1. If you take just the helices (runs of 4 or more DSSP H) that sit entirely in segment A:63-176, which of them hold at least 3 residues that are over 26 Å from A:ARG224 (Cα atoms)?
2. Do we have any residue at all in segment B:238-254 that's in contact (Cβ under 8 Å) with a residue 40 or more places away in the chain, surrounded by fewer than 20 Cβ atoms within 10 Å (Cβ to Cβ), within 21 Å of A:ALA114 (Cβ to Cβ) and of a type outside the set (Ser, Thr, Tyr)?
3. Run down C:GLU163, C:GLU193 and say which single residue is out of contact with any helix residue (DSSP H, G or I) (no Cβ under 9 Å at 6 or more places or on another chain), of a type in the set (Asp, Glu) and over 24 Å from A:GLY191 (Cβ atoms).
4. Assigned to a loop (DSSP other than H, G, I, E, B), crowded, with 20+ Cβ neighbours inside 10 Å and either touching a Phe, Trp or Tyr at 6+ places or on another chain (Cβ under 6 Å) or within 9 Å of chain A (Cβ to nearest Cβ) (or both) - does that describe any residue in segment C:37-48?
5. If A:ILE135 passes every condition in (1) surrounded by 19 or more Cβ atoms within 10 Å (Cβ to Cβ); (2) over 24 Å from A:CYS88 (Cα atoms) but one, which one does it miss?
6. Take A:PHE149 and tell me if it is surrounded by 24 or more Cβ atoms within 10 Å (Cβ to Cβ), free of Cβ contacts under 8 Å to residues at least 24 places away in the same chain and either within 17 Å of A:LEU201 (Cβ to Cβ) or of a type in the set (Phe, Trp, Tyr) (or both).
7. Residues in segment A:94-103: is at least one assigned by TED's automatic domain parsing to the domain that holds A:TRP144, within 17 Å of the chain's Cα centre (by Cα) and either touching a residue at least 24 places away in the same chain (Cβ under 8 Å) or crowded, with 21+ Cβ neighbours inside 10 Å (or both)?
Amino acid sequence: MTTSASAWPTRPQIRVRTYGITLALVAFTVFAARKVGFSPSTFWEVWSNPLWEKFWPIPWEWVLDGDNVIKPLIETFQIAVLSTIVGCSLALPISFAMSPLTTPNQPTYLVSRAVMNVVRAVPDLFWAKLLVTAIGIGAFAGTWALSVFSLAIMVKLFSETIDNADSGPLEAARAAGGRHTPVVRTGVFPGVFPAYVSYALYVFELNIRASVVLGLVGAGGIGRVLEAQRQFFKFDRILGILVLIFVVVWVVDHVSVALRKRLV
Amino acid sequence: MAVATSTDITPERPLPPRGTHRRRWGIALVLSLAALWSVSGLNISFNRLVTAPGEAWTVLQQMVPPAFGKVYERGAVGKIFESVYIAWIGTLIGAILSLPLAFLAANNVSPRWIRAPIRQFFNAVRAVPELILAVIFIPITGLGPWAGALAIGVHSIGTLGKWATESIESIDSGPIEAVQATGGQWVNSMRWAVIPQVMSTITSYWLFRFEINVRASAVLGMIGAGGVGSELVSHLIFRDFPAASAVLILTVVVVLTIDTVSAKVRRRIIVGSVSDMDSSRSSEALADLTGLRR
Amino acid sequence: MIRLQNVSVTYPGGVEALRGVDLSVGEGEFVVIVGLSGAGKSTLLRVLNGLVPATSGSVIVDGTEVVGASAATLRRVRSRIGMIFQTFNLVHRTTVVNNVLMGRLSRVSPWRSTLGLWPAGDREAAMVALERVGIVEKAYVRASDLSGGQQQRVGIARALAQEPSLMLADEPVASLDPVTSRQVMGDLRRINEELGITTVVNLHFLDLAREYAQRLIGLRDGVLIYDGDIAKVDDDTFQEIYGRAITADDLLAVGEEPASPNGD
């Protein structure tokens with residue numbers, strides 16, 4: 001038994017609004033591309049550029065020399081360690097203050113959220129450049145800059161975990177008549193602690209990579225060496241350093257994955 | 001198990017397990033030692049530690065009031081928009097190039113010998129910070145926004161590729177089977193079984209990456225790859241702090257606006273997709289990553 | 001011990017959970033509250049220790065007015081009230097004894113409890129509480145490794161560790177099987193008789209209510225519609241409270257039962 005075609009539902013029309021939005025996006029893209037100087041020829045020019053010769057061969061003697069590269073790398077490591085510790089420690093109370101579940105009172109909640117939003121909106125290297133200008137070049141400023149950076153990331157990740165934490169033990173601790181900090185410490189903290197450690201290890205990894213870049217604005221570590229070499233167009237040395245950094249990051253990555261598995 | 005009453009023999013109390021406290025103190029010790037080693041290695045004298053906040057405060061005082069007028073005249077607003085364009089084009093390049101690669105890198109779609117090199121490529125490209133990529137590109141393309149867009153684009157291929165691959169791998173394999181059962185080819189599977197499940201999450205990732213890339217492009221300006229970074233650097237070099245703070249504030253405002261709008265759009269995309277299909281794990285992952293709850 | 005006068009609770013969304021409830025409970029009584037889901041049982045319990053603020057009326061517990069009380073007063077009142085929950089509300093990742101110690105939060109300085117440095121006297125009290133519920137041998141076991149019934153026992157121990165004068169139990173056996181449910185209810189009755197602690201229990205299962213209650217209170221749509229000795233309660237009473245016929249879902253189960261106090 002067939003039904004006549006007029007009984008079928010009509011095919012939904014694509015809304016005018018969807019067309020409009022798509023058109024606007026395409027127009028914006030074209031506009032932006034022109035402003036940016038989009039030039040597809042680069043995609044194949046890149047390969048034939050004689051500059052690539054300058055990247056090879058890697059002067060391993062120079063790269064593996066203690067003073068040139070190894071010492072700054074150790075410095076980078078130390079910056080990463082310190083800034084992770086400082087940033088993640090500060091992130092702990094701030095994250096609790098930022099979550100509706102565990103905040104002590106309304107003003108603390110609003111202020112901490114507002115402050116963190118602004119801090120995260122500032123590009124990380126802007127912080128670095130600011131601090132370098134204010135307190136001088138070198139690893140000291142770099143550590144402070146990365147601490148801010150660590151704080152921002154840690155707070156973002158960790159406050160999310162707190163928001164989703166089980167509120168049951170929290171209720172029980174309140175019902176037992178505890179004050180605010182002990183209630184949070186006994187009711188919520190044990191549950192979110194593994195996540196905290198996991199994020200801290202992740203932040204440490206990020207910091208090692210980031211301190212590379214930090215050096216480019218004069219904030220110490222291996223980045224300073226990179227910047228110096230860049231100014232002299234020593235691309236072969238730069239490549240060597242990058243390879244070394246890649247190895248270090250790879251090792252740290254695997255160690256931290258192993259550590260994280262042991263904790264969870 | 002019977003409940004103990006006063007007439008029962010009370011069972012012996014267990015002893016606390018050894019070692020928990022020792023382990024905790026051990027970890028605290030390791031961390032403190034690491035911190036001390038770092039502090040000494042970096043030559044952070046107590047003196048500097050004390051004077052630094054004071055120096056920072058001085059600078060802060062000089063940053064108020066921000067010199068909006070002067071900065072506007074220099075065209076800082078245009079530069080900020082340039083950073084946005086750079087981020088937009090860079091993200092698009094990353095998105096478009098990463099999508100087909102992500103399909104080829106997914107373990108439920110592609111054989112091992114294609115997957116492995118592509119995944120390594122993603123990892124390699126992700127590991128290089130945009131700044132370094134820009135350093136590499138500038139000699140080739142010259143200074144200016146195109147180097148920045150390329151740097152962001154190439155780096156984004158790595159991140160977006162990895163996230164997209166994870167999305168694709170977490171889908172329900174039922175529809176793929178269904179397409180195969182009708183005699184369809186690999187491409188048909190992709191088009192009808194995989195893409196519909198995965199596109200909304202991936203689009204959401206693109207927007208999230210765009211938000212991050214706006215900040216990255218601002219930073220790239222600092223080495224001459226276009227955008228507002230160069231403005232900030234020049235003001236700071238001349239210690240013109242009111243101008244620097246004006247540039248900073250403008251940047252923050254633009255970044256926050258883009259963040260807010262993008263978050264709203266992302267929420268709509270995710271919510272729309274969840275109502276159409278069974279929630280796949282990738283939506284959960286994205287929600288975890290970006291903090292959006294349905 | 002407890003005195004409610006014309007207590008009403010309206011939740012922010014507009015839901016009226018309690019309307020004009022008047023209730024008095026004397027010291028040492030064992031009271032069971034029954035009612036359909038949404039009748040207001042949980043709200044009534046939580047109004048007693050201020051976890052839910054009453055919109056109007058007066059709630060006097062152990063001589064202190066709870067409505068509008070300051071945070072410090074609320075904490076003091078709560079320290080005398082032990083509460084056990086349907087979902088146990090234990091901290092899964094930590095040991096049983098650490099969970100029970102949460103009951104001592106009101107007696108230990110915030111510094112000590114935050115750092116986990118519980119005084120010996122409080123540790124002793126926790127162990128005694130565990131002995132009372134018969135699971136002291138599990139003291140250092142991770143809470144999530146216990147069965148449902150054992151976890152609820154830990155919840156009871158936590159409440160006992162507070163040395164309370166009032167015990168509130170919010171559907172304590174709803175997630176437990178019949179045998180374990182009877183054990184837990186038996187524990188609550190025994191604690192009430194041996195230690196003289198006033199006890200108020202919300203129950204979903206009517207046969208359980210009949211077996212263990214001394215006094216029965218019925219709520220329907222936020223209104224208290226029955227209050228009387230358990231001896232006078234029969235099936236018609238329950239139907240009156242529920243406003244409908246009793247179904248199998250309202251009964252726990254037919255099964256082996258240790259002798260219940262009411263000799264059913």
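1. Hits in segment A:63-176: A:71-98, A:106-121, A:139-163, A:168-175.
2. Checked segment B:238-254: at least one residue is in contact (Cβ under 8 Å) with a residue 40 or more places away in the chain, surrounded by fewer than 20 Cβ atoms within 10 Å (Cβ to Cβ), within 21 Å of A:ALA114 (Cβ to Cβ) and of a type outside the set (Ser, Thr, Tyr).
3. Among C:GLU163, C:GLU193, only C:GLU193 is out of contact with any helix residue (DSSP H, G or I) (no Cβ under 9 Å at 6 or more places or on another chain), of a type in the set (Asp, Glu) and over 24 Å from A:GLY191 (Cβ atoms).
4. As a first pass, look at segment C:37-48 and keep what is assigned to a loop (DSSP other than H, G, I, E, B): C:37-40.
Remaining after also requiring crowded, with 20+ Cβ neighbours inside 10 Å: C:39-40.
Those still in the list that are either touching a Phe, Trp or Tyr at 6+ places or on another chain (Cβ under 6 Å) or within 9 Å of chain A (Cβ to nearest Cβ) (or both) too: none.
Scanning segment C:37-48 turns up no residue that is assigned to a loop (DSSP other than H, G, I, E, B), crowded, with 20+ Cβ neighbours inside 10 Å and either touching a Phe, Trp or Tyr at 6+ places or on another chain (Cβ under 6 Å) or within 9 Å of chain A (Cβ to nearest Cβ) (or both).
5. Tallying (1) surrounded by 19 or more Cβ atoms within 10 Å (Cβ to Cβ); (2) over 24 Å from A:CYS88 (Cα atoms), A:ILE135 fails exactly one: (2).
6. Details: surrounded by 24 or more Cβ atoms within 10 Å (Cβ to Cβ): yes; free of Cβ contacts under 8 Å to residues at least 24 places away in the same chain: no; either within 17 Å of A:LEU201 (Cβ to Cβ) or of a type in the set (Phe, Trp, Tyr) (or both): yes.
Taking the combined requirement at face value, the residue does not satisfy it.
7. yes
To keep it simple, each residue is scored yes or no on (1) among the hydroxyl-bearing types (Ser, Thr, Tyr); (2) surrounded by 16 or more Cβ atoms within 10 Å (Cβ to Cβ); (3) modelled with pLDDT under 80.
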| position | (1), (2), (3) |
| --- | --- |
| A:SER211 | yes, yes, yes |
| A:GLY221 | no, yes, yes |
| A:ALA228 | no, no, no |
| A:PHE232 | no, no, no |
| A:VAL252 | no, yes, no |
| A:ALA258 | no, no, no |
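The values are calculated or read from the model by the stated rules, or taken from the named source; none is laboratory data. This is a predicted model, so every value here is computed, not measured. Note that each Cβ is placed from the backbone with ideal geometry, even for glycine, and that neighbours are counted across all protein chains shown.
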